[in-house]
1. Restricting the range 55-79 to residues that are over 21 Å from Q194 (Cα atoms) and surrounded by 10 or more Cβ atoms within 10 Å (Cβ to Cβ), which is modelled with the highest pLDDT?
2. I'd like to verify a number: residues in the range 191-207 that are closer than 27 Å to V170 by Cβ and modelled with pLDDT under 95, how many?
3. All but one of (1) crowded, with 22+ Cβ neighbours inside 10 Å; (2) assigned to a helix (DSSP H, G or I) hold for L119; which doesn't?
4. Cβ-Cβ below 6 Å, separation at least six or inter-chain, first residue in the range 177-194 and closer than 21 Å to H27 by Cα, second modelled with pLDDT under 95 and among the aromatic types (F, W, Y): which pairs?
5. Scan the range 199-217 for residues that are open to solvent by 70 Å² or more (accessible area, probe 1.4 Å) and farther than 13 Å from L138 by Cβ and report the count.
6. Identify, please: which residue in the range 164-189 is aliphatic (A, V, I, L, M) and at pLDDT below 95 and is, among those, least open to solvent (accessible area, probe 1.4 Å)?
7. Can you tell me which residue is most open to solvent (accessible area, probe 1.4 Å) among those in the range 91-109 that are within 17 Å of L185 (Cα to Cα) and out of contact with any strand residue (DSSP E or B) (no Cβ under 8 Å at 6 or more places or on another chain)?
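The values are calculated or read from the model by the stated rules, or taken from the named source; none is laboratory data. Treat the numbers as computed from the prediction; the structure is a model and nothing was measured. With ideal geometry, Cβ positions are generated from the backbone for all residues, glycine too; neighbour counts draw on all protein chains shown. Just the protein is used for accessible areas: all its heavy atoms, side chains included, with ligands, DNA and RNA removed. Shrake-Rupley method; radii C 1.70, N 1.55, O 1.52, S 1.80 Å.
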Amino acid sequence: MREILGRRRKLLFRRGGKPAQLGAALHYATEWQWPVLPGVGLRSGGRQPAGARLGLGERITRRCSCPDPDCVVPGAHPFDPGLLAATTDARMVRWWWTNRPDAPVVLATGGRAPCAVSLPAVAGARALAALDHFGVRLGPVLATPTRWSLLVSPYGLPELGELLHSQDWVPSSLRFHGEGGYVVLPPSQIGAGQVRWERPPAVTPAAPWLPKVATIVDALVTASTGSPDGGSRLAY
C-alpha cells in the first residue's frame, strides 16, 4: 500500500512527462489554487576542498543566484519576479518553469492561501512527536534539513496578534509565515538541501485540509513546556 501511495505522489509531480518543478507548480496553482512563483534558485559557486575521508578531492558548492554574496537563505526566496507576482494562472506558471525548469517553487502565504508555522528541524521533529501524542490533527508538513513548516489555514495579522497576546509565553524558535510571507514547496532544491513532505498531503484534486493556527500554536506552547530541566522541549 505504501509503495502504491509513493508512486501516486511521484506521479503527482511528473504528470505528462513534465519536469518535476513544473508539474508540481501547475498542480499547486491550478488544482489547489495556491499562488506560486519561481524562487531565485542556485548557481555554481566554485570549488573547495572536500574532507579527506570522502576521497573526492573537490566538491562543487552552490550559492544563491541573487546579488547578495552573503545570502542566508540561498535559493530559498523570491527575487525576480517579486513575491507580489505569485499567481494561480497556468499560462504564467508554464512560462516561468519552461524558462527556468530548476527554479524552486515558492508559495506566497496569506490571503486565501495557506499560512505556516515553522521551527528548526530538530525542534520540528520533537514538535510533531508531541502533537501526535496529544492527538492533534495536522495538515501537510514541509521539511528541509534545517527547518520544518506546518501548514495552517489562512489567518490575518490581527488574528495572529490576538493569539500571541493571549499566550503567557511562546517558543522563540517559532516563525510565522502569513500575509506577505512565503514558504518553499517540494520538490524544490535550495541551499539547505531538498525540500520534501514530512507529512504529505492527500493525493486528491481538492486542496489539502489545514488546521487553524490557534490549534497549532496552543498545542506547540503546551508541548514546549514542562521539560525536566525546566527548559523548553522545542529548544534547539
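1. Looking at residues that are over 21 Å from Q194 (Cα atoms) and surrounded by 10 or more Cβ atoms within 10 Å (Cβ to Cβ), I get D68.
2. Selection size over the range 191-207: 2.
3. Of (1) crowded, with 22+ Cβ neighbours inside 10 Å; (2) assigned to a helix (DSSP H, G or I), only one is false for L119: (2).
4. From residues that are closer than 21 Å to H27 by Cα, the pairs are P187/F13.
5. Looking only at that region, the number is 1.
6. L174
7. Filtering the range 91-109 for residues that are within 17 Å of L185 (Cα to Cα) and out of contact with any strand residue (DSSP E or B) (no Cβ under 8 Å at 6 or more places or on another chain), the one most open to solvent (accessible area, probe 1.4 Å) comes out as R94.
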